[in-house]
Structures are given as C-alpha cells and as structure tokens.
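Quick note: the coordinates plus some simple rules give every number you see, no bench work behind them. Note that this is a predicted model, so its numbers are computed, not measured. Here the Cβ positions follow ideal geometry from the backbone for every residue, glycine too, while neighbour counts run over all protein chains shown.
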Amino acid sequence: MQKFALIAILLGITIFSHAQKGSIRGRVFNEKNNEPLELATIQIQETTTGTTSDSLGNFTFTGVEAGFVRLVVSYVGFRTTLSPEIQVQGNQTAFIDIAVPESSVLINAVVVTPKVDLKRIESPLSLLTVGVKDIEKAAGANRDVSKIIQTLPGVAATDPNRNDLIVRGGGPSENVFYLDGIELPVINHFATQGSSGGAVGVVNPDFVRQIDFYTGTFPANRPNALSSVMEIRQKDGSQDRIHTKLSVGASDAALTIDGPIGKRSTFIVSARQSYLQLLFKLIGLPFLPTYNDFQLKYKYRIDPKNELSFIGIGAIDNMTLNTALQDKGTEAQRYVLGYLPVYRQWNYAVGAVYKHFAENYHDTWVLSRNMLRNNNFKYPDNDDTQPRLSDYTSDEAENKLRFERTYSGLPFRLLAGAGLQYAHYTNQTYRKRFIDGNASELRYASDLDLFGYQIFAQASDTYFDEKLSLSIGVSSIGYNFNRNMQNPIGQLSPRISASYKLDNRWTVNANIGRYAMRPAYTTLGYKNGDGEYVNRNEMLKHILSDQAIAGMEYLPSGKMRFSLESFYKHYRHYPLSVSEGVSIASKGTDYGQIGDEEIVSTGKGRAYGVEFSGKLIDWNRLNTTVTYTFFRSEFTDKNGTYRPSGWDTRHMVNVISSYRLPKNWHLAMRWRMVGGAPYSPIDSDLSTNKEAWAITRQVYIDYNKFNSLRLRSSHQLDVRIDKEFYFDKWVLNVYTDIQNVYNFQSQNPPIYTNKDANGEVMDDPADPEQKQLLRQIESYSGTILPTIGIIVKI
C-alpha cells in the first residue's frame, strides 16, 4: 500500500506541475580591471542561442530549457572563455558573473568555437573541474563534495564510509583546500586531525559554483600541498529576490536562504542538521555520528573597482558508540566497540576577501581565522564508572593574512605575493601504552605559539600565436619551530609548466616542480614522558616532494575528450615513527589524530603511475566518463626498505554515466573498481600478552612485515534517478539513490578476538596468567543502501 500511495502522490504532483522554462542573467567583464565588456557575444554552449552584453556588461537569456548549461563568451582582443556550469530550473533565474582575460594575439574577427575545456597557462595538466551537475546529480555521492572528488582520475577511496582523498599515491594529509581563497584546514565532519579525511563533507553543495581540483602542477600561490589543491568557488546570492531552499537527503536536512541586500550586496546562508546516526544504527554500525554545520557568504560591491566578501563555515560533531551491540551485535561489531573511542569535535573558519582592480593589475587581500577542537576518550569495556584508558583534547587555531597582486599590463602575466601566519596549538593528552614489554602512562600538556610566512611568484605567457604556453613559478614557506624550518632556502619550491598545441585536436603538456609541506601540528606539539618537545630539534624538517608529469590531450570534437597522463613523485624528509619504525604516510585514514608521537624526518617515498580519462559530453542527452589509473605508492621504513603504503591498490576504474530523460527525469550510475589494498600481519607475541591487550583492546601490527599481505579487489555499483517538478512559484526535486546495488561484500583485514563464542576470554594453557589465545574472524563489509531525497526551492 505504501508503494501505491507514493506512486499516487507523484502522479498527482506531475498533473499539477508545469513544463516551465528558466532564465539566465549575468555580467561579463575584463578580468584585469573589472571593466564591463560592451557588445561581447554570449552563447549557450552547443546551441545557436546567443545574445550580446549592454554598456554595463549585463546580459539576459530567457526561455531556457531546464538543465545544466555553460556559456561561451567571445570578444575581439580577448580569449574565448567558457563559464562554470549553470543549473537552469523552471520559473527560476540563475545568476553568473564571467571574467574574461585579454588575449596576447591580435584578432580581427570573433569566431565562436565552443570547446569542452579551456586550459590555464599555470596548470595545463592535472587540473580537473567539477561542475554543478556532477554535484547535484551524481549517483552514490549524496551531494557530498569529497565523495564526488573521489571519482576523479588519480583519486582513491579507502572506505565507502569515509571521505579520505588519496591522490596519486600520496597520503590524505598532503591536500589543501580553499573556499573563495580562504584556506580551510577541515572540509569533513569527524575530521582526522593531522589529515584530511572524515565521514561527511562540511561544505554545503548549495553554495558551490565550481570546484577546481589540482592533482599536480600546483599554482605558486597555493603552498603547503604535496598531492592536491582543491579550489571551491562559491555562488553569490540571487539578485532578484529572497529564495529559500529546503533539502532532505540520506543523512541530513538543510535550509538555505539567499538573495539581495540593497542594490550592491547579496548573501547566502545555510544550516544543516544530521540524522546520520539513525541510518548507521539501522545498518548496524558500531558508531553513531551526529553533526550540525553552518555556512555564510556576504558580498558587497563597494564600487566598480572594489569589492568585499565575508565568508564563514563551521561544524559541531559528536560521535557516540552503539553500545546496544555489545550484547546482541556480531563478534566483529563487538570487537570494534571494544577499542573505538568517543569523538567530539567542533571547528570553524571565517574570513574576509577584498579585491581591488586597477588599470593594469588587481590585488587580493585575504584575512582569515580558523580553529579546530578535537576531543576523544575511551573507557574500558565502555564503562564510564572506570578510569579512562585515554583522554585527548587539542586545539588548533590559525590567523592568516595573504596578499596577491596580478599584473596584466606587462609583456607577460605575473602573479606575486606573500603571507603571514600566527598559530596557537594546545594539547592535553593522557593515554596508556605498552613499550619494551611494560605498560606505562603518557601525560603531557602542550602550549605552542608558531609564526610562519609564505612568499610566491609566477610568470606566464603564450608564444607562436598561443600555440605554446609557458609558466615559471617559485614559492617558499617557513616557520619559527626550529632553524631548519625557518630558513626559506630549504623549502624553496620552483616549478615550470609547458603546453604545446600540435593542432586543433592534439595538445602535449608537461610539468616539473618541487613542493614543500609543514609537518602536522600534532607532531610539532608532541611531548615525551619528561615533558620535552622531543621533535623540536634539527632532525624535523619540511616534507619535500619532487614531481614530474607529462601527458597529452585529444579533442576529436566538442563532445569528446581523451587524456593520458603519467606522473612520478619522489618524497624526502617524510616523518618516520620512532616507535614503529615505519613512515606515518600510511596513517590518516581512521578517526582521531595522527603525528602525536616521536618523529624523525628521515623517511623517503615514491609514487608513480599513469592515468587515462575519456569523456562523452551531452551526446543525445548522454554523458559518460571512463577513467583508469595504475599506480604504485611506497615509503621507506627505518632500514630504508621501500614498503607499500596503506592505499597501494595499484588499479582504479570509474565508469560514470548520466542520461537526461524527457519531462525533467534524470538517470545516473557509477561503477567503481579498486584493486586489493595491502595490510600487515599481527605481532602474535605482543597481541597474546594480556597486559598489552588490555591497553588497546586490539591486536598489534608486526611492523617488520608491514603491508606484506594484500586483500582482494572490490567493486560497487550505485544508481540514482531524479525527477524535477516545476510550479508557478516553486520547484520540487525528488530523487532515489541506491548504493551497492548488487550487494558486493568487500574483504577487510581479518579481525582477531581474545574471546570464545560464549564471550569468555581464552586463556593460554601454557601461561594462563600472562598470555591468551586469539581467534580469527573473517571480516567483510557492504550492504545495499537505498535512500530518498527531497529538495524544495521557493
């Protein structure tokens, strides 16, 4: 009866909805000085529909079919420019501003030739763009920014329930994120401190205009990254009236409001409340996360030459344990409950971005502050009447000022700037540990002030009628933690990129560069049992990575694109765990924190591979992307032996397809395959020691055989179907998303328990007081997960 009722409701909605068309309003302007471009030609890509801009650079399209479009802007003396993707909805107006760069080649006529993509001189390869459609309609992603990024070539996923970004064999701590130019240390709820992963994305997709994701060839003004840079560009608020959008998805409900405030300013604000704990409890997971987040953007156009934006984002997270499974759960569930702590976090980032446009240059000033509080604790057997096994509370607070100037009046394009940073780090730690055959306690309190700087410059130009593009850049970072890290020479990071168009279809690209990254605050602020900052010596250095990338691109038509890239990354000064004797590069894909231990910067690493990507774009309403990545990722241990990283899966395949059906229906699917991940055997002697087990409630890894075993490959199919209903004053979007359609069971590393089937500890008959027996439990994960979402926009 419930199915028939749902069908009847949808049929009723369909009858009263209308096939409405939408509008696009916008402005085109000179990227150099913000001057409007009058009589510029604006065309909807892959159509004959076009218009021209007025004396203020404004333009309007009406009667546009609902869907996702891009605009192509052409103007004599300027480069043909492709806009970010725009979502057009019935009876709604979409707004967009398009900056158009000047061309170094004099042309006498305007020829509109829409293309799949337009390159950037600074990063002619390893730059991937994610549009609005990818976020709104992708299967299996639940409109989560991080999960969308995980489908890109070269990006691996470690766990369907986590948002770790493993890019070209690098660790999840090697990525940086920017929101309209403001750096975000945290983009996920339940973030792993010292890394980038988490459970669910913090960024509300309603704010996102476009995401530029660099897997290499990082711009010089984005330092402190070794594997990726994510640039999230936000929408401005609507200019016509106040709009309200309510979204109810698989894990949360969100309210977004946007609109104008006077004639020169707009705003967009949102709040989200999760009910993810209900879903996790339903599918029987041992942890139950709840979260809230908030986001704000206010933009004020002071005058034609000056504009100011205020940006804010924050989250409150609480992860409790599903203790009901202690009695009625499976052995695997009870095992996880035995060692998993309770997590509590909150974080925020706020900032202001001021832009000034002069005749031959423009300036950008960015002032921001961010903070993360990370707290976790564990009771024996989850009994809060007993003393805690561990108790951890840490604060990271950063205050940053960055200045950038872009010169456009020189014979070449020049970007130069610098930044200052003050960081305050505190830590209160208590934990039990088992070292050298004895149990001990570690207690320390850290209070660390750090001052840092960054400097950068990048020059770019085109030659031979814009067939050849060259870009040369350099940057350096420094911190006052020790003498090594203060000296800018040690972190000097030069880079050069080149791109050559063989003809209208074939392009070859290359890049070589060095990049530097500061070790995590958890490493800088760690103290040993004597209360000393044990890592504050000249052995701790910035991590360096030398990278080389080469590739080619083939564009047979405006609807097809093929690319092939190869890469090689060599790491130096990678943090090596003194107690474990292995690189911490394989850490960061679990909850909590990494790096809070004694470290030496003697580790090396290497990652290399090849990526293929093929795209079919809007061919008879069909979009399809196929990507394949083969790579190796290895880091040295204390003996200098290269060992596979925790995500050295070697093979990754993604097949993503969507089809736009008549009457505003949309069908999408995603199939992904990941090679088997390596894992380590256990240290039997240490794991069967009762005193050692009582501290961690789990087995100990044999680091002498680190990652010497390997799991089987895994794969998964996700599908999604959408339907949009347009009414006179509001829009309704209903969708169904089914993850893991054919219920594939992924193999996990085996679990070992010290209890028998009746829940009794298994004493070792040879030494019942000190030793115990272990029993192996096969572990698999995977379940069919259907969800329903509703989005209402007024």
*With a bin width of 10 angstrom, please list the P(r) values of the range 18-114 as percents of all Cα-Cα pairs, from the 0 bin to the one holding the largest distance.*
17, 50, 26, 6, 1
*Ser633's amide H: which non-local residues (gap 5+, or another chain) put their own amide H closer than 5 Å, with H modeled 1.01 Å from N in plane and none for Pro or chain starts?*
Ser645
*asked:* As an exercise, take the mean of 1/r over every pair of distinct alpha carbons in the range 417-457, invert it, and state the Kirkwood radius in angstroms.
replied: 13.4
_Taking 8 Å as the Cα distance limit and 6 or more residues as the minimum spacing, I'd like the relative contact order of the chain as a percentage._
10
_Cross-link partners of Lys587 among lysines (Cα-Cα below 24 Å; sequence separation of 8 or more within a chain)_ = Lys147, Lys378, Lys432, Lys527, Lys541, Lys569, Lys604, Lys638, Lys705
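By average Cβ neighbour count within 10 Å, what is the ranking of 325-337, 509-521, 32-44 from highest down?
Working: 325-337: 16.3, 509-521: 22.5, 32-44: 19.1.
My ranking of the peptides, most packed first, is 509-521, 32-44, 325-337.
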*Report the extension gain between Leu410 and Glu102 in nm, rounded to one decimal, defined as 0.36 nm multiplied by the number of residues separating them, less their alpha carbon distance.*
109.7 nm
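For a protection proxy built on the mean count of beta-carbon atoms within 10 angstrom, sort 371-379, 119-127 highest first, please.
Listed from highest to lowest mean packing, they are 119-127, 371-379.
Can you give me the relative contact order of the range 703-794 as a percent, contacts being Cα pairs under 8 Å and 6 or more apart?
Numbers: 155 pairs, mean separation 30.4, N = 92.
Result for the range 703-794 is 33 percent.
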*Please work out the C-alpha center-to-center distance from the range 307-321 to the range 383-430 and express it in whole Å.*
15
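Arrange Ser471, Ser23, Ser563 by Cβ neighbour counts within 10 Å, fewest through most, would you?
On the way: Ser471 26, Ser23 17, Ser563 22.
Listed from fewest to most nearby Cβ atoms, that is Ser23, Ser563, Ser471.
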*Under the Kirkwood approximation for Rh and a Cα-based Rg, what ratio Rg/Rh is obtained for the range 222-267?*
1.18
*In sequence order, calculated HN-Hα J values of the range 228-235 (Karplus, 6.51, -1.76, 1.60; Hz; x Gly/Pro)*: 7, 10, 10, 10, 9, 9, 8, 6
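One-quarter of the Cα convex hull surface for the range 570-616, in nm²? The partial results should precede the final answer.
Values: hull surface 20.9 nm².
Mean projected area of the Cα convex hull: 5.2 nm².
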*If contacts are Cα pairs under 8 angstrom and at least 6 residues apart, what is the relative contact order of the range 605-704 in percent?*
20
*With no solvent and one equal point scatterer placed on each C-alpha of the chain, evaluate the Debye formula and give log10 I(q)/I(0) for q = 0.05, 0.09 Å⁻¹, two decimals.*
-0.27, -0.89
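State the Kirkwood hydrodynamic radius of the range 593-656 in Å, one decimal place, computed from all pairs of distinct Cα atoms. Write out the running numbers ahead of the final one.
Working: mean 1/r = 0.0675 Å⁻¹.
Taking the inverse mean of 1/r over all distinct Cα pairs, the range 593-656 comes out at 14.8 Å.
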*Please give the net charge around Pro768, taking every other residue with its beta carbon less than 13 angstrom from that of Pro768, where Lys and Arg add +1 and Asp and Glu add -1.*
-3
*In degrees between 0 and 90, to the nearest 10, how far off the longest principal axis of the chain does helix 2-16 point, with axes built from Cα atoms?*
20
